[in-house]
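The values are calculated or read from the model by the stated rules, or taken from the named source; none is laboratory data. Everything quoted here is computed from the prediction, not taken from an experiment. A quick note on method: Cβ atoms are made from the backbone with ideal geometry, for glycine too, and the neighbour counts reach across all protein chains shown. The area values use the complete protein model at the heavy-atom level, side chains included, leaving out ligands, DNA and RNA. Shrake-Rupley method; radii C 1.70, N 1.55, O 1.52, S 1.80 Å.
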Amino acid sequence: SAILKRLKQGKLYAFAQDEEARNYSENILKKVGDNFTIIHSNFVNLKEELEKRGIFKVDGIMFDLGVSSPQLDDATRGFSFHLDADLDMRMDRKSSLSAYEVVNEYSFNDLYRIIRDYGEEKYAKQIARGIEKVRNTRKIKTTLELAEVISNCVPAKYKRLTHPARRTFQAIRIEVNKELSILPKALNDAIDMLKKDGVIAVITFHSLEDRICKEVFRERSKENEIFKGMPNVPEEYIPDIKVLKKIKPSKEELEENKRSRSATLRVAIKQK
């Protein structure tokens, strides 16, 4: 909405693979203006989808990664460990893989790897074992069932620090939606599509996403050692982007919007 309000000419293209998110967004954006199109596709397809529409260069791109507030607040989607629902977590409901399959059909080793790597959960092994033990007698069907299994696998002191299911739910959601595997391609395609002086802004909500963004930005902003520090660098040796800054939410924003606490915004500008 904030972008559309400021867009006096040109057009806003948005990507939403979740049909409900697309409808929700369309209703809000229509109140602001009509110079936008919401494309029903994952943002990993941004280059192909925009080129199909005759768009080969853009002025700015913003990624707002992860699950959205409406998705979290809708109990039926299965993203929240606070609300009871079927284990789902699919952003695209046409996808065949849901959280139910991950929890009930993945091997112990795969569960352990996902919870450890995607959730950065220090009790990953205990949680994977706990899930395996329960599903040997019954299927784990709902979010609150899963949250309870996880809670029973960690020490009491851990529960006082944070909700014990937070990291495991994050890990399963990332696996279901392949969030990390598609990110490097999407970011690199986005940088390629920017005009000179175009801006890319990426909002991440956990360290794994942020690490990928940081690494892509570092690679695309790397200076040629021969010309490092020289005032006049030939065009072909200028790095693709210049990284501008990393921004964390202010104290005021945290008070207004608690969900911003884990957000990081990274910004870069296209140089050629």
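Key figures for this structure:
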read-out	value
Subset tally (residues that are among the hydrophobic types (A, V, I, L, M, F, W, C), open to solvent by less than 60 Å² (accessible area, probe 1.4 Å) and at pLDDT 95 or above) for segment 45-66	6
Failed item in (1) open to solvent by less than 30 Å² (accessible area, probe 1.4 Å); (2) in a loop (DSSP other than H, G, I, E, B); (3) closer than 30 Å to Lys270 by Cβ; (4) in contact with a Ser or Thr (Cβ under 8 Å, 6 or more places away or on another chain), with Asp88 passing the rest	(3)
Selection count where residues are touching a residue at least 24 places away in the same chain (Cβ under 8 Å) and either open to solvent by 80 Å² or more (accessible area, probe 1.4 Å) or in a helix (DSSP H, G or I) (or both), scope segment 4-17	3
Verdict on Glu26 being of a type in the set (Asp, Glu), open to solvent by less than 40 Å² (accessible area, probe 1.4 Å) and over 17 Å from the mean Cα position of the chain (by Cα)	no
Members of segment 211-227 found to be open to solvent by less than 90 Å² (accessible area, probe 1.4 Å), of a type outside the set (Phe, Trp, Tyr), in a helix (DSSP H, G or I) and in contact (Cβ under 8 Å) with a residue 40 or more places away in the chain, listed by number	Cys213, Arg220
The listed residue being among the hydrophobic types (A, V, I, L, M, F, W, C), assigned to a helix (DSSP H, G or I) and open to solvent by 50 Å² or more (accessible area, probe 1.4 Å), out of Leu144, Leu208, Leu180	Leu144
Pairs with Cβ under 6 Å, 6+ apart, first in segment 32-44 and open to solvent by less than 40 Å² (accessible area, probe 1.4 Å), second of a type in the set (Val, Ile, Thr)	Val44/Ile182
From the options Arg138, Arg129, Arg113, Arg160, residue that is open to solvent by 10 Å² or more (accessible area, probe 1.4 Å) and at pLDDT below 95	Arg160
Test: Ile172 is of a type in the set (Val, Ile, Thr), in contact (Cβ under 8 Å) with a residue 12 or more places away in the chain, part of a helix (DSSP H, G or I) and open to solvent by 30 Å² or more (accessible area, probe 1.4 Å)	no
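Yes/no matrix, rows are residues, columns are (1) touching a residue at least 12 places away in the same chain (Cβ under 8 Å); (2) touching a Gly at 6+ places or on another chain (Cβ under 7 Å):
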{"position": "Ala2", "(1), (2)": "no, no"}
{"position": "Glu19", "(1), (2)": "yes, no"}
{"position": "Arg22", "(1), (2)": "yes, no"}
{"position": "Lys47", "(1), (2)": "yes, no"}
{"position": "Gly60", "(1), (2)": "yes, yes"}
{"position": "Asp74", "(1), (2)": "yes, no"}
{"position": "Leu87", "(1), (2)": "yes, yes"}
{"position": "Ser98", "(1), (2)": "yes, no"}
{"position": "Glu105", "(1), (2)": "no, no"}
